[in-house]
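The values are calculated or read from the model by the stated rules, or taken from the named source; none is laboratory data. In this text the structure is predicted, and so the values were computed from the model without any measurement. Using ideal geometry, Cβ is built from the backbone for each residue, glycine included, and neighbour counts are taken over all protein chains shown. Each accessible area value is taken on the protein alone, full model and side chains, heavy atoms only, with ligands, DNA and RNA left out. Shrake-Rupley method; radii C 1.70, N 1.55, O 1.52, S 1.80 Å.
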Amino acid sequence: MMLRRRLTRPLAAALAVGTSLGLLAGCATSDEGDPVSFDTPHSDKQVQRQALQQHKGGAKPPGPETVFPTGPKNAFTVQRDLDDGTKIGVTEVHGGKSGFNGRVWVWAPKQYFDPAYADSGFPVLITLPGGKGYPTNYWTGKGIDLQGNINRWVDEGKSLPFIVVMPILNPDAEFYYDGSDIPGQPKIGTWLTEDVPDFVRANFRTFKSRDGWAIMGSSSGGFVGLKSVLQKPDKFKAVIASGPDTVPDSPLWKGHEAERQANNPERLAAALNKKPDTPGNEVFIAFQVGTKETGLTNLRKFMRKYGKGPVKTRLEIIQDGEHNARSYMRGMNDGTMAWLSSHLQGPIRSAANPPSAS
């Protein structure tokens with residue numbers, strides 16, 4: 001088993017959050033700390049109702065159902081500007097279901113602001129860091145440049161244009177919480193899998209179906225992503241789990257063994273294996289591991305034992321890869337992101353609106 005406390009190597013990154021397209025929207029470029037908005041002309045439910053009424057007999061338009069922002073809207077400030085004019089924004093999310101409040105960074109791709117996609121939802125990728133994951137999320141950082149790489153992968157046909165959501169992973173830097181509701185502790189599991197998605201739906205055009213929802217994480221974040229998708233396959237369809245453990249090992253589980261096992265990916269996968277292998281039960285797990293880190297044997301064992309029935313698995317072995325985000329980005333480039341994207345719903349271009357030349 002990989003010990004996240006020993007192997008995690010947090011990467012320095014500026015506080016960040018993804019957002020708006022000031023350039024494409026015709027606004028001046030915002031600087032760090034300035035207010036920024038993700039609103040588009042079709043960002044409210046009134047427009048959604050009007051669009052539905054235009055279809056004969058009030059029938060829903062064909063294709064996956066788009067959920068327009070429900071509100072209430074969050075106030076975002078700029079964390080970082082990207083070269084294409086998009087921005088990472090940051091805000092504080094108040095968890096209505098968990099009672100926990102935490103910082104979340106967000107980025108929307110340039111396609112989100114393109115009139116050709118104004119009536120379509122976008123897939124969401126919740127990205128989780130390794131280490132303590134507090135008070136920052138290193139996937140916002142310029143050095144890793146996840147967002148810039150997604151832009152490139154979209155152009156190369158390797159990725160869908162995801163809305164990238166980057167919450168803090170833990171409520172403090174003292175412990176890690178396994179992305180779970182550990183008795184007597186903040187309900188981080190509920191916050192990550194319920195409150196954070198509710199926040200995204202309040203502010204962005206998304207898909208109602210789980211086909212538009214995935215998680216990506218490294219090290220301890222990879223464990224949380226793996227656990228969350230297996231625990232709530234009705235909400236998430238796929239995960240990229242890089243260098244993860246496959247069992248919960250937070251010291252905070254002491255005295256709560258039944259609850260710990262209820263958050264054990266191995267037990268969750270075994271339970272899902274017993275369900276019919278139908279599209280509605282399928283989950284897609286993309287493991288990544290570098291040749292210079294431990295964990296390969298354990299991941300192969302997990303895949304042999306649990307990668308069957310509705311649990312679909314893939315393994316990307318990264319040559320000379322280490323236990324860090326930069327290595328995992330190489331794996332995503334080499335095939336993982338394309339595999340993940342092939343199993344998720346992408347935005348639908350409107351026939352009436354050709355793509356922007358921007």
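Any idea what diffusion coefficient the stretch 102-178 gets from Stokes-Einstein, in µm²/s, Kirkwood Rh on alpha carbon pairs, 4 °C, 1.567 mPa s?
Once the numbers are plugged in, D ends up at 95 µm²/s.
As an exercise, take the mean of 1/r over every pair of distinct alpha carbons in the stretch 287-346, invert it, and state the Kirkwood radius in angstroms.
12.2
In whole Hz, what ³J(HN,Hα) sequence does the stretch 135-150 give by Karplus (6.51, -1.76, 1.60; θ = phi - 60°), x for Gly and Pro?
For the stretch 135-150, the Karplus curve yields x, 10, 10, 6, 5, 7, x, 5, x, 7, 6, 4, 5, x, 5, 4 Hz.
Length gain on complete extension for the stretch Ala270 to Lys254, per 0.36 nm per residue less the alpha carbon to alpha carbon distance?
My answer for the length gained is 3.4 nm.
Say each of Ala173 and Asn281 gets a label point 7 Å from the Cα, pointing the same way as Cα to Cβ; how far apart are those two points in nm?
Result for the modelled spin labels: 4.5 nm.
Starting from the exponent 0.38 and prefactor 2.2 Å, build the expected Rg for the stretch 173-277 from its residue count and divide its actual Cα Rg by it.
The stretch 173-277 yields a ratio of 1.08.
With a ≥ b ≥ c the root eigenvalues of the C-alpha gyration tensor of the stretch 222-358, is it rounded (a/c under 1.5), prolate (a/b larger than b/c) or oblate?
Oblate, since a/c reaches 1.5 and b/c is not below a/b.
Which whole-number percentage describes the relative contact order of the stretch 150-296, with Cα contacts under 8 Å and a sequence gap of 6 or more?
Dividing the mean separation by the residue count of the stretch 150-296 yields 20 percent.
Rounded to the nearest percent, how much of the accessible area of the stretch 239-278 (1.4 Å probe, protein heavy atoms only) is carbon and sulfur?
Here it works out to 55 percent.
Determine the gain in length on full extension of the stretch Ser342-Thr294; use 0.36 nm per residue of separation and subtract their C-alpha separation, reporting nm with one decimal.
Additional length available on full extension: 14.4 nm.
Once you order the gyration tensor axes a ≥ b ≥ c over the Cα atoms, which shape class does the stretch 57-153 get: rounded for a/c under 1.5, otherwise prolate or oblate by comparing a/b with b/c?
oblate
My understanding is that a pair violates if its Cα-Cα distance is over 19 Å; which of Lys235/Lys305; Lys187/Lys232; Lys237/Lys312; Lys73/Lys227 do that in this structure?
Distance filter (> 19 Å) returns Lys235/Lys305; Lys73/Lys227.
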